[in-house]
Amino acid sequence: MIAAPLPVNEKARIKALQSLNILDSLPEQQYDNITELASYVCGTPNAVISLVDENRQWFKSNLGMAVCETPREVSFCAHAIHNPDKLMEIPNALEDPRFMNNPLAHDKDNPVIFYAGVPILDQTGFVLGTLCVIDNKPKKLSNKQRKGLLNLAQQVQELLKLHVLNTELKASKSHLKKHNDLLKDFAGTVSHDMKMPLANLIVTSDILNKKYSSILDTPGREYLSYLKKSSLSLSDYITNILAHYESSSYNIDDRKRFDVNDLLENIIELINIKHHCDIHLPEVNHTIHCNRVALEQIFLNLIGNSIKYNDKEETVIDLNIDIVDHHYIFKIKDNGRGIPEDKLETIFDLFSTVGEYDREGKKGHGIGLSTVKQLVEKLGGEISVDSVLGKNTTFTFSIAQ
């Protein structure tokens, strides 16, 4: 028996193999499908996807072999990896000086007599192992069988590429989740710590205005008014930030069955409407099954915006719902001032604003619609907006059933 020498790039090759984090992993159907097909195409009882590690060859997929790994010094694949671009075929191991005394060739139950292996490379060109077919009697592949085995080895390489991409995506997802959790914790901590001092500022400005109003001149009273107004604006900003980060915690599976119009009537009662407003509920009171709390937050924001940013003497809001392709489709149309065309593409971005002041002279912070979009997507849907400047705006969003 002649053991295969180590490749000249062995250290780098082993590092590349181990970086895959695939050694000793559980069986996967995609790899097993390839070995089954290789066995069928080549007419052999055994087929293996073998990865040549430092001291062993380990089988990622194994059809017909009784073991999941063998020592590297007896490995046929350890010889095959020396020629990355060639299929190594051993018609009869008992007649080949490299293998005639190999214990695998003399196994009493399933000897390796015929062997054909195609090297498997990673994206950088390192040979990781082989896709090989094995028989316990002498054999020779036809040209079609050789081509089929080469093509199947290419598919193994594609699977390994996907494995690398999936591993990277999982790592990125984990990193982003940790980063987002840190931001969420930071926003929550800072926001809560700021709310009490802001509340004190608001109360103190009211006390000062009431107690010293008689001795303050007009600019002094205006300064106190500005202080209170700014504190209220910052408090509202903090509340919206908290709502934005908390929106990611809504679970699409936390569902309840309820009537849409009942939900909408409760929302309208919650909104502080200070001018004439005519809200038309859907003609059909559909009973739906979804996350009620999340849907309530979406409608509170969208209906609230339609009221706050309406510039007409009489606000008119039309609400509709349809059920299409396992989705609930909601529409909210108002007769407000509309949205400039150049703002439509960015209106759902965090901190993006149209630049308009509401009926009370307050300017938005660009958080509400971003929160709405996040909630809608969390519930398996999409949201879009159409608007005619000066006439109307329609928000359309869907939620998965």
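Computed from the coordinates by the stated procedures, all read-outs in this text should not be read as laboratory data. These numbers come from a predicted model, not from an experiment. Note that we place each Cβ from the backbone using ideal geometry, even for glycine, and neighbour counts take in every protein chain shown.
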- Item | Contact order normalised by residue count of the chain, Cα under 8 Å, 6+ apart, percent | 10
- Protection proxy (average C-beta count within 10 Å per residue), highest first, orders 115-128, 167-180 as 115-128, 167-180
- Within the set of other residues whose C-beta is less than 13 Å from the C-beta of E69, count the net charge using Lys and Arg as +1 and Asp and Glu as -1. -1
- Point-charge dipole on Cβ atoms (K/R +1, D/E -1) for the chain, about Cα centre, debye to 20: 920
- Taking Cα atoms, how many degrees apart are the long axis of helix 368-378 and the longest axis of the chain, rounded to 10 and kept between 0 and 90? 40
- Between A116 and residues 5 or more places away or on another chain, which pairs have amide H atoms under 5 Å apart, with H built 1.01 Å from N, and which residues are they? I90, V133
- Item | Other-chain or far-sequence residues with amide H under 5 Å of L128's (modelled H) | I120, L121, D122
- Note on the structure: Taking Cα atoms only, Rg over Rh for the range 87-226 with Rh from the Kirkwood formula is 1.68
- Note on the structure: Cα extents of the range 1-139 per principal axis, largest first, Å, are 36, 33, 24
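Full-extension gain between A3 and E269, please, as 0.36 nm times their residue separation minus the C-alpha to C-alpha distance.
Full extension of this stretch gives 87.5 nm more.
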- Task: Find the percent of Cα-Cα distances in the chain that exceed 37 Å, and round it to a whole number.
- Result: 52
- With label points built 7 Å along Cα→Cβ from the Cα atoms of K391 and I207, find their separation and express it in nm. 5.5
- Query: From the phi of every residue in the range 216-229, what ³J(HN,Hα) in whole Hz does the Karplus formula 6.51 cos²θ - 1.76 cosθ + 1.60 yield, where θ is phi - 60° and glycine or proline is x?
  - Reply: 8, 7, 4, x, x, 5, 5, 4, 5, 5, 5, 4, 5, 4
- Note on the structure: Bounding extents of the range 265-401 in its principal axis frame from Cα atoms, largest first in Å, are 39, 30, 24
- Note on the structure: Taking a crude spin-label model, label points 7 Å out from Cα along the C-beta direction, the S230 to S174 distance in nm is 4.6
- Sorted by chain and then number, the residues having a modelled amide H within less than 5 Å of the amide H of R56, at least 5 places away or on another chain, are R72
- Expected vector for the range 329-336, Karplus 3J(HN,Hα) from phi with 6.51, -1.76, 1.60 and θ = phi - 60°, integer Hz, x for Gly and Pro, equals 10, 10, 10, 10, 10, 10, 9, x
- Note on the structure: Expressed in nanometres to one decimal, the distance between label points 7 Å along Cα→Cβ at D342 and S142 is 7.0
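Can you tell me the order of 194-202, 40-48 when each peptide is scored by its average per-residue count of other Cβ atoms within 10 angstrom, highest first?
Descending packing order for the listed peptides: 40-48, 194-202.
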- Which of the peptides 254-265, 88-99, 292-303 is most tightly packed, and how do the rest follow, going by the mean number of other Cβ atoms within 10 Å of each residue? 292-303, 88-99, 254-265
